[in-house]
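*Asks:* Okay, handing you the structure first.
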Amino acid sequence: MHQPEAQPRHSIYYDYQVHPAWLPPAGAPAMHEPVVIVGAGPVGLCAALLLARMGQRCLVLESELQVSEGSRAIVFTRRSMEILQQAGVDARITEQGLPWRFGNSFYRGQQVFRMEAPHTEDERFHPMINLQQQYLEEYLLDAVQAEPLIELRWGNRVEALRSFDHQAELTVDTPGGDYTLNCDWLVAADGARSVVRSQLDLKLEGASYEGRFVIADIRIDLPLPTERLAFFDPEWNPGNTVLMHREPHGIWRIDYQLPAGESPEQALQPASLKARIDAQLQQIGHGHLPWEMDWCSVYSARALTLPDYRHQRVLFIGDAGHMLPIFGVRGANTGFQDAQGLAWRLALVARGLAPEGLLDSYSQERVGAAREIIDEAGKSTRFMTPPSRGFRLLRDAVLSLSLSEDFVRPLYHWRTSRPHAYRDSALNSPQDDSARFQGGPGPGEPPLNVRLGEGDFLLDHLQNGFELLYFTDEPALPPGLSAALAQARREGLPLRVTAVGPEQTVADADQTLADVDGQVRRRYGVAAPGAAYLLRPDQHVCARWTRFDVARFNTALNNALARPGVAA
């Protein structure tokens, strides 16, 4: 029988709670659930919440009894925060996290590059925010426990999986014995050591890099701002790289590269950890300050992905489907985009509102995103951890030249994670007016936020279904649009119309957003009233028109649902 750790994990800043295991009733027959998510990490919990927002019940299985050990993922991007806003946990993260937008690179004691992430008054969230993963999981768990459409079973470990054309069958082990669980759809969110991936004997494709890094979280009172710090070829760690990040609650993350040939066991010896952390603190002029260790681990940079995230009734998200280098904050942030991209499709398919083929577009889009990220992350990783003598010679030349030549310094840029644009998605409408727009997000691109007033932004008003942004000066929607909206609702499709422009309420619209100064129109490249944008439930644009047309709207909506044969 499965016996998860029942003692609270150690931390000097986080109070771990051990949850009671869910035990199967004696003699219970095989159970059935429409959707099962394996893994209650940030990505799995986010997916569960987004499914529930779409009206779909799901069951989450977690093998452990408490949230993850150590800070792990600590940097979350603006797009991740917009996704977490959809999940309903952004406010608590903003309240507790540390926002930032600058990154600094140092070589031989000299600052050789300073990255500045763009940030305007139209953005609710900063480019990045730092928060330990335990807190993020806690906030997601609180939201899950308040959601009646989600059940979470602690201490439930998947032991065996049989995937069939019409359902998946699981054997689940618990401290009270095992049981059989059938589901229509299984979402694998069980991380880099995915049991589901192993059960299906699936192999990740890509590259693993030789460089290993120690992650060390220490409590120390450093008088430094919340900015990324990268040190190349420091005296105490020649030829290697060191990274530093501030975390909440007085914690600092130090990542340092190990010399070739040193094992993880050697690197995590207390004497080794102390000597290297002391050396880094001395390097930045604060070697006199006392510090205390909280958590440490060793990781290797990998750039791997499954070639397909759908296997019959099993769907992969997060590290279960891909493993990406953390340089550029790509791990959890990419996983949130997976969760968002899958949840709306799976909810519609599970509720019978879209064909199963819609799920194939999830795999196509997100595998494409992973491969693009791997290409970019590989460039950063090869700079941080040169994999060969040739790469090291090139990297060292850049380091040397950067002391005196400005033109080479942008090569230090770490190519931070960004929201993927699905410009080649099969869900984009080929018959829209995108080519006639002079600005704004095009098909497949994520939305642009816009400040509407003090503390009020455009994305605050979007929900979790399809959204039609209709730009108008009229007091009512055109009859054709009202009729199309009514038809979609009769079918049960989640579709809302937001009228953008007038100060007065627009009749038949679900909501009206005043655009008194025209900033929304400018950001979206709208030249005249009557234009419209159709956003998918993950907020990506699937069509836009300079003049709304009911027939083309119906075609675009059906195309975005992977049912192009449905009559308009």
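The values are calculated or read from the model by the stated rules, or taken from the named source; none is laboratory data. Since the structure is predicted, the reported quantities are computational estimates derived from the model, not experimental observations. Positions of Cβ are backbone-derived with ideal geometry, glycine not excepted, and every protein chain shown enters the neighbour counts.
*Asks:* Which count do you get for residues in region 19-33 that are surrounded by fewer than 16 Cβ atoms within 10 Å (Cβ to Cβ) and within 28 Å of the chain's Cα centre (by Cα)?
*Replies:* Total meeting the criteria: 0.
*Asks:* Shifting gears a bit: So which of PRO446, PRO441 is crowded, with 20+ Cβ neighbours inside 10 Å and touching a strand residue (DSSP E or B) at 6+ places or on another chain (Cβ under 6 Å)?
*Replies:* PRO441
*Asks:* Scan region 291-319 for residues that are in contact with a Phe, Trp or Tyr (Cβ under 9 Å, 6 or more places away or on another chain) and within 28 Å of GLY357 (Cβ to Cβ) and jot them down.
*Replies:* Residues satisfying the conditions are LEU306, ASP308, TYR309, ARG310, GLN312, ARG313, VAL314, LEU315, PHE316, ILE317, GLY318.
*Asks:* Then there is this: Do we have any residue at all in region 238-255 that's touching a Gly at 6+ places or on another chain (Cβ under 9 Å), in a loop (DSSP other than H, G, I, E, B) and not assigned by TED's automatic domain parsing to the domain that holds SER71?
*Replies:* Yes.
*Asks:* Please report, ordered by residue number, the strands (runs of 3 or more DSSP E) entirely within region 91-177 with at least 3 residues that are touching a Leu at 6+ places or on another chain (Cβ under 6 Å).
*Replies:* Result: 150-154, 168-174.
*Asks:* Could I ask something else about it? Please determine whether any residue of region 14-35 is in contact with a strand residue (DSSP E or B) (Cβ under 6 Å, 6 or more places away or on another chain) and within 23 Å of PHE336 (Cα to Cα).
*Replies:* Yes, that holds for at least one residue.
*Asks:* Out of GLY103, GLY70, I need the residue that is more than 20 Å from ILE317 (Cα to Cα) and either among the aromatic types (Phe, Trp, Tyr) or assigned by TED's automatic domain parsing to the domain that holds GLN199 (or both). Which one?
*Replies:* GLY70
*Asks:* Quick check on region 468-476. Is at least one of its residues under 23 Å from the mean Cα position of the chain (by Cα), crowded, with 22+ Cβ neighbours inside 10 Å and either in the same structural domain as GLY530 (by TED's automatic domain parsing) or without any contact (Cβ under 8 Å) to a residue 40 or more places away in the chain (or both)?
*Replies:* Within region 468-476, none of the residues are under 23 Å from the mean Cα position of the chain (by Cα), crowded, with 22+ Cβ neighbours inside 10 Å and either in the same structural domain as GLY530 (by TED's automatic domain parsing) or without any contact (Cβ under 8 Å) to a residue 40 or more places away in the chain (or both).
*Asks:* I'd like the full set of residues that are without any contact (Cβ under 8 Å) to a residue 24 or more places away in the chain and out of contact with any strand residue (DSSP E or B) (no Cβ under 9 Å at 6 or more places or on another chain), limited to region 517-548.
*Replies:* Selection gives ASP517 alone.
*Asks:* Can I ask one more? Can you name the residue in region 184-200 that is closer than 11 Å to VAL158 by Cβ and not in a helix (DSSP H, G or I) and, of all such residues, is farthest from the chain's Cα centre (by Cα)?
*Replies:* LEU186
*Asks:* Another question about this same structure. Go through region 30-41 and give me each residue that's more than 11 Å from LEU181 (Cβ to Cβ) and either assigned to a strand (DSSP E or B) or not assigned by TED's automatic domain parsing to the domain that holds ILE150 (or both).
*Replies:* Correct list: PRO34, VAL35, ILE37.
*Asks:* LEU136 fails exactly one of the following numbered conditions: (1) of a type outside the set (D, E, K, R); (2) touching a residue at least 40 places away in the same chain (Cβ under 8 Å); (3) out of contact with any Phe, Trp or Tyr (no Cβ under 8 Å at 6 or more places or on another chain). What is the number of that condition?
*Replies:* Against the list (1) of a type outside the set (D, E, K, R); (2) touching a residue at least 40 places away in the same chain (Cβ under 8 Å); (3) out of contact with any Phe, Trp or Tyr (no Cβ under 8 Å at 6 or more places or on another chain), LEU136 comes up short only on (3).
*Asks:* Considering every residue within region 544-554, establish whether at least one is in the same structural domain as LEU452 (by TED's automatic domain parsing) and in contact with a His (Cβ under 7 Å, 6 or more places away or on another chain).
*Replies:* no
Residues are listed down the side, and each one gets a yes or a no for (1) within 30 Å of SER194 (Cα to Cα); (2) surrounded by fewer than 20 Cβ atoms within 10 Å (Cβ to Cβ):
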position: ASP221; (1), (2): no, yes
position: ARG228; (1), (2): no, no
position: ASP233; (1), (2): no, yes
position: ALA260; (1), (2): yes, yes
position: SER263; (1), (2): yes, yes
position: ARG276; (1), (2): no, yes
position: CYS296; (1), (2): yes, yes
position: LEU306; (1), (2): yes, no
position: ILE317; (1), (2): yes, no
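*Asks:* If ALA509 satisfies every condition in (1) among the small types (Gly, Ala, Ser); (2) surrounded by 20 or more Cβ atoms within 10 Å (Cβ to Cβ); (3) within 29 Å of the chain's Cα centre (by Cα) but one, which is the exception?
*Replies:* Checking ALA509 against (1) among the small types (Gly, Ala, Ser); (2) surrounded by 20 or more Cβ atoms within 10 Å (Cβ to Cβ); (3) within 29 Å of the chain's Cα centre (by Cα), the one that fails is (3).
*Asks:* Those residues that are part of a loop (DSSP other than H, G, I, E, B), touching a helix residue (DSSP H, G or I) at 6+ places or on another chain (Cβ under 8 Å) and either closer than 19 Å to ARG114 by Cβ or among the β-branched types (Val, Ile, Thr) (or both), I need them from region 223-237; list them, please.
*Replies:* ASP233, PRO234
*Asks:* Here are PRO225, PRO259: which of them is farther than 23 Å from LEU45 by Cα and free of Cβ contacts under 8 Å to residues at least 24 places away in the same chain?
*Replies:* Result: PRO259 is the single residue among PRO225, PRO259 that is farther than 23 Å from LEU45 by Cα and free of Cβ contacts under 8 Å to residues at least 24 places away in the same chain.
*Asks:* Sticking with this one: Can you tell which of LEU448, LEU458 is modelled with pLDDT of 95 or more, farther than 15 Å from ALA560 by Cβ and in contact with a Pro (Cβ under 6 Å, 6 or more places away or on another chain)?
*Replies:* That would be LEU448, the only listed residue that is modelled with pLDDT of 95 or more, farther than 15 Å from ALA560 by Cβ and in contact with a Pro (Cβ under 6 Å, 6 or more places away or on another chain).
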